[in-house]
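Read the structure below first, then the notes.
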Amino acid sequence: MNDNFNQPYNPFETEKKIYKKWENSGYFNPDNLLIPKSSKLKAKSFCVIMPPPNANGSLHLGHALMTALEDIMIRYKRMRGFKTLWLPGADHAGFETQVVYEKKLEKEGKSRFQIPREKLWQEIWDFTQANKVVMEEQLKRLGASCDWSRKKFTLDKDIIEKTQDTFIQMYKEGLIYRGNRLVNWCVKHQTGLSELETKHEERTDSLYYIKYGPITVATVRPETIFGDTAVAVNPKDKRYKNLIGKEIEVDIAVGKINLKVIADKIVDIEFGTGAVKVTPAHDQADFEIWQRHKDEIDGPKEVIDKFGKIDLKDYFPKNEIYEKLQGLKVLEARKVIVEELQKRGLIEKIDNNYKHDVSLCYKCSNILEPRLMSQWFVKMDTLAKPAIKTVEKGEIKFIPARFKKVYFHWLKNIRDWNISRQIVWGIPIPAWFCKDCGEIIVSKEKPDKCEKCNRTNIEQDKDVFDTWFSSGQWPFLTLGYESPSKSKIKNQKSKLTDYEKFYPTDVMETGWDILFFWVARMIMLGLYRAGKIPFKHVYLHGLVRDKDKQKMSKSKGNVIDPLGLVNEYGADALRMALIIGNTPGNDLAFSEEKVRGYRNFANKIWQASRFVLMNTEHADLRKPSSRLTQIRLTAHDKKRLKEFENLKKSVTKEMDSFKFYIAGEKIYHYFWHTFADKIIEENKERLKSENLTDRQTAQFVLLEILTGSLKLLHPFMPFITEEIYQNLPDKKSEFLMIGEW
């Protein structure tokens, strides 16, 4: 028995030592795994692709939960004899990483707009590569038994090229188009965002009732009246029946304009006066009204620029009011225009308690300014239909199942996806523009000349892909997917590729909060590009909150560093604290006290194992003949072993059902309250017996249950169980990690 057993358990030293042994063994790589002779699986595979953590900072508790859950799945299946692959990776995380880097620059008194594009890209590359190394070490500290020889980054050359190939194919098939549409624009970060990258917040603002000639309209945004192109009413509203189709003269302080009154059923009769101003360039609903009434009213007039400032130069002559307004930020302009309208007696009333939802940038929480821009869009309806059908048919199962309804609701109400971002950091969109004729050329390489006008004045699209466009292809790209034409050439070789061996993958484990951001898009793009579902199960974990169920944030001061907990209590204790009592899809109330409790459990395992090993160190229990002649199980021994057999079956059933929180709790209670508190205690006198048969029988029972318990505990607490296993007198395999379940 190792001398370490004479000391209290030291997770800090043990965990680093054990992980190094695992890593050096090569058994994280499925190619090095041997299927046990007793297994009936015949080299059946099991694959999990790691949701790639963003390479822009340290891991948080959500990452620790992800790691624990996925490692439990992988270690369990590996012990069951599967050829297991857990493929790790990191995400360049486009917009999010650039935001993190911008904050770093701000602290240094710099701005990204002062740095040349190529230099900024290289700086962020160096930043993410350094973070990636730190992040990988943190995953190792948590016990992640993934195959590091296969690790991927979303900016690896092959990932970039194949992401661009998907774009080109979709463009050729008419699934991607360049459209001049309203997008959510972040004034601070100077980029468009998709619908999913906006957050909504209820706010109390002023609702202004403004006289528009014979009509009074109600609006929260009087500063956009310069971009009005119509007044809209509901066709069923009898108050305005005689005005529909007519033009009215409107005084907007900077001048007078004529607006047509149109009828549209989207207008809420009960809102305000039942009449609304239509500003297609600065409101999504108004843009859609304009699209339905293009033959009646003028097109969008953009009067707020990309910096969120009033810009009237294209539409109004300079005068005193113009000079007051030009260049003002939105909220400043609102104040000025309201004052001017009040002077003219055009404000009928102001409701200062109007509650409404406001769209905000999900990173900086600034109000988003809708802008009319030429962007790249994916036609989502075409992709959504097969993604709905495959889940309806049960080809992909959600855990918990209730999220299936949420998934269906989103896909059935999906909008086209804006995939272009006006940032530096990301995968370049493979498109070019002829500056002379405006022709769009979709190609990885710069064309020699424009086929339309035969000129060479061509420049590349400076936009990059929304990060979810590349990560949406993560499962098949990481496994080396090749288009059918390329794979035919490679298939002439006998060796199967990772894609052929492991795709579709078995489980996608991730947070419920990115069901739409990521999971749904992986299903859609996997079906489109690879022609197969990307995974068979979707396991959605909840968010990790503090002990009072509050969201963790730096401003609240309640953020808990998982690596700090690992250093103090050990990774095994943290993993158990994150898993036990944590049902899928529900948020977890987390406290350090819980980790401390499982540190105590680790100590209990250590002490109980030390006692058993001290009392079985020189026992001859390995030879079958010895067992036959000297081990005589009593009725009580048989009962205890039968109880343990039932526990193994029960835990296995829970593991196969993805109920890890129940499986872990069952083995926890059994080891502490049955094995340590009862079975060891009731065998202490037998271990001192002068009757060799009785003594060896007690040794056999204790060692049998200890060995089996270590196997059941291993997926949850891999470090301490491996350390103890290495001291067993009768090891069946080199590592517990590859032992038979």
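Taken together, the values in this text are just the output of simple stated rules run on the coordinates, not laboratory data. Model, not experiment: these values are computed from the prediction. Positions of Cβ are backbone-derived with ideal geometry, glycine not excepted, and every protein chain shown enters the neighbour counts.
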20 °C / 1.002 mPa s Stokes-Einstein diffusion coefficient of the stretch 195-369, Kirkwood radius on C-alpha pairs, µm²/s: 128
Near the amide H of L207, under 5 Å away, which other amide H atoms are found, from residues 5 or more places off or on another chain, if H is placed in the peptide plane? D351, N352, N353, Y354
Shape of the stretch 326-435, Cα gyration tensor, a/c cut at 1.5: oblate
What residues have an amide H closer than 5 Å to that of S45, excluding those fewer than 5 places away on the same chain, when H is modeled at 1.01 Å from N in the peptide plane? K83
Extreme residue, positive dipole direction of the stretch 571-738, given options V701, T652, P715 (C-beta unit charges): V701
If you fit an axis through the alpha-carbon atoms of helix 635-656 and take the longest principal axis of the Cα set of the chain, what angle between them do you get, 0 to 90°, nearest 10? 20
Starting with the highest mean, order 131-143, 331-343 by the number of other Cβ atoms within 10 Å, averaged over the residues of each peptide. 131-143, 331-343
Could you derive backbone 3J(HN,Hα) for the stretch 10-25 from the dihedral phi with the Karplus parameters 6.51, -1.76 and 1.60 (θ = phi - 60°), listing whole Hz in sequence and x where the residue is Gly or Pro? 10, x, 4, 6, 5, 5, 5, 5, 5, 4, 4, 5, 4, 4, 5, 5
Once the dipole of the chain is set up with Lys and Arg at +1 and Asp and Glu at -1 on Cβ about the Cα centre, which of H92, W741, S359 lies farthest towards its positive end? W741
Can you run phi through the Karplus equation (6.51, -1.76, 1.60; θ = phi - 60°) for the stretch 46-52 and list ³J(HN,Hα) in whole Hz, with x for Gly and Pro? 9, 9, 10, 9, 5, x, x
Estimated FRET transfer efficiency (T456, K393; beta-carbon r; R0 41 Å; 0.05): 0.20
Sorted by chain and then number, the residues having a modelled amide H within less than 5 Å of the amide H of L588, at least 5 places away or on another chain, are L543, V544, R545
In degrees, nearest 10, the alpha-carbon axis of helix 94-107 is tilted away from the dominant principal axis of the alpha carbons of the chain by 80
On a 0 to 90° scale, report how tilted helix 330-343 is relative to the longest principal axis of the chain, with both axes built from alpha carbons and the result rounded to the nearest 10. 30
Over the Cα atoms of the stretch 24-175, each weighted equally, I'd like the Debye log10 I(q)/I(0) at q = 0.11 Å⁻¹, rounded to two decimals. -0.58
On alpha carbon coordinates alone, what is the Rg over Rh value for the stretch 310-374, Rh being the Kirkwood radius? 1.03
Using the C-alpha gyration tensor of the chain, what are the square roots of 5 times its eigenvalues, in whole angstrom, with the largest one first? 62, 29, 23
Order the peptides 638-651, 273-286 from the highest to the lowest mean number of other Cβ atoms within 10 Å of their residues. 273-286, 638-651
Give the distance, in whole Å, between the Cα centre of the stretch 196-246 and the Cα centre of the stretch 636-671. 65
For the stretch 571-738, what is the per residue volume of the convex hull drawn over the alpha-carbon atoms, in cubic angstrom? 112
Going through K157/K446; K648/K732; K17/K732; K119/K313 one by one, the pairs whose alpha carbons sit over 23 Å apart turn out to be K119/K313
Pseudo-spin-label distance E685 to I266, built 7 Å along Cα→Cβ, given in nm, is 8.5
Hey, what does the equivalent ellipsoid look like for the stretch 120-198, semi-axes from the Cα gyration tensor as sqrt of 5 times each eigenvalue, largest first, whole Å? 32, 20, 13
Which ³J(HN,Hα) values, rounded to whole Hz and listed in residue order, are derived for the stretch 442-459 from phi using the Karplus coefficients 6.51, -1.76 and 1.60 in 6.51 cos²θ - 1.76 cosθ + 1.60 with θ = phi - 60°, glycine and proline given as x? 8, 6, 5, 9, 5, x, 5, 7, 7, 5, 7, 10, 6, 9, 10, 7, 10, 10
Rounded to the nearest 500, the 222 nm mean residue ellipticity computed for the chain from DSSP H runs (n ≥ 4, each -39500 (n - 2.57)) alone is -12000 deg cm²/dmol
Yeah, the stretch 654-741 with a ≥ b ≥ c from its alpha-carbon gyration tensor (a/c under 1.5 is rounded, else prolate when a/b outruns b/c, oblate otherwise) is oblate
Take the cross-link list K199/K277; K393/K462; K405/K594 and give me the ones stretching past 30 Å between alpha-carbons. K393/K462; K405/K594
Between C434, Y177, N24, whose Cα lies farthest towards the positive end of the dipole of the chain when Lys and Arg beta carbons carry +1 and Asp and Glu beta carbons carry -1, centred on the Cα centre? N24
How far apart, in nanometres, would the label points at K20 and Q129 be if each is projected 7 angstrom from Cα along the Cα-to-Cβ direction? 2.7
Quick check for me: using +1 on Lys/Arg Cβ and -1 on Asp/Glu Cβ, what's the dipole size of the chain about its Cα centre, in debye to the nearest 20? 2100
The chain: relative contact order as a whole-number percent, Cα under 8 Å and 6+ apart: 16
Translational D in µm²/s for the stretch 276-384 (Stokes-Einstein at 20 °C, 1.002 mPa s, Kirkwood Rh from C-alpha pairs): 129
Any chance you could list the semi-axes, whole Å, largest first, of the equivalent ellipsoid that the Cα gyration tensor gives for the stretch 436-483, using √(5λ)? 31, 13, 7
Here the Kirkwood hydrodynamic radius of the stretch 199-268, Cα-based and in Å, equals 13.3
Could you tell me what % of all Cα pairs in the stretch 490-613 have separations over 20 Å? 62
Would you list, by chain and number, the lysines whose Cα falls below 18 Å from the Cα of K343, excluding same-chain residues fewer than 8 positions away? K211, K256, K324, K335
